[in-house]
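The values are calculated or read from the model by the stated rules, or taken from the named source; none is laboratory data. Keep in mind that this is a model prediction, so the values were computed, not measured. All Cβ positions, glycine included, derive from the backbone under ideal geometry; neighbour counts span all protein chains shown. Calculation scope for accessible area: heavy atoms of the full protein, side chains included, ligands and nucleic acids excluded. Shrake-Rupley method; radii C 1.70, N 1.55, O 1.52, S 1.80 Å.
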Amino acid sequence: MEPETQSVSGGGGDVPTPPPPCQPQQQQQQQKPSRYESQKRRDWNAFLQYLANHKPPLTLARCGGVHVVEFLNYLDQFGKTKVHTHGCNYFGHPRPPGPCECPTKQAWGSLDALIGRLRAAYDENGGGRPESNPFGARAVKAHLREVRESQAKARGVAYEKKKRKQRLPFAVGEGSSRGAEDNITSTAPVTVATKVKPETASASASSSTGRDPDPGSWSAS
């Protein structure tokens, strides 16, 4: 038996109406977020968890630049970048020949990229006016500048600002992300997050980029 079709009557007789076209499967499925968007969402959830675990607990409305700086200092305990002290023989040495007892911290490049993602997430989640964004506060900018200068001296690495180049018609475009792939922490019990990286990560990658090599991923506890 042939399937029934709807018909439209006209001067030349009944004309069968074709069935509606099937929508592509890709349009029916929800578009997968980019790696940057996924990382930004994990960063945001982790920061909210940090505020909830703060003593006393903090709300986003009461959060200021000072609390953001405290958050960055908290993350230093999970860093993998060696920052030599003034009393260390390797102070200012970009490639120290041996180990030392100096602490490890988060690299400046990782923190700078993190603040960029959190600043965007704050605006996207209805944080309020741009001037009230705590991630763009003067205290945060001053802290990042201090970390950048101190790590440059301690590690013997010069962080130079990238100059904007005029793009030619046939020039190959440069990368557009300043830290979209910088994931500096992963799940930690009770606390907000921690960072896991392979032990074989090279120190040269950290020295050249100013970021922790092969970082892990965010995840709110």
Candidates 85, 81, filtered to the one that is within 21 Å of residue 148 (Cβ to Cβ), hydroxyl-bearing (Ser, Thr, Tyr), touching a residue at least 40 places away in the same chain (Cβ under 8 Å) and surrounded by 13 or more Cβ atoms within 10 Å (Cβ to Cβ):
81
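Applying the selection to segment 53-69, what residues are open to solvent by less than 60 Å² (accessible area, probe 1.4 Å) and over 20 Å from residue 132 (Cα atoms)? Don't jump to the end; show me each part of the working.
Start the filter on segment 53-69 by keeping residues that are open to solvent by less than 60 Å² (accessible area, probe 1.4 Å), which leaves 54, 58, 60, 63-65, 67-69.
Correct list: 54 only.
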Please verify whether residue 69 is at pLDDT 60 or above and aliphatic (A, V, I, L, M), treating the condition exactly as stated.
yes
Sole exception among (1) within 21 Å of residue 42 (Cα to Cα); (2) out of contact with any helix residue (DSSP H, G or I) (no Cβ under 6 Å at 6 or more places or on another chain); (3) crowded, with 18+ Cβ neighbours inside 10 Å for residue 90, by number
(1)
Of the residues that make up segment 128-143, is at least one open to solvent by less than 20 Å² (accessible area, probe 1.4 Å), in a helix (DSSP H, G or I) and farther than 20 Å from residue 58 by Cβ?
no
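Does residue 117 satisfy the criteria of being within 25 Å of residue 42 (Cα to Cα), open to solvent by less than 40 Å² (accessible area, probe 1.4 Å) and not in a strand (DSSP E or B)?
So residue 117 passes the test.
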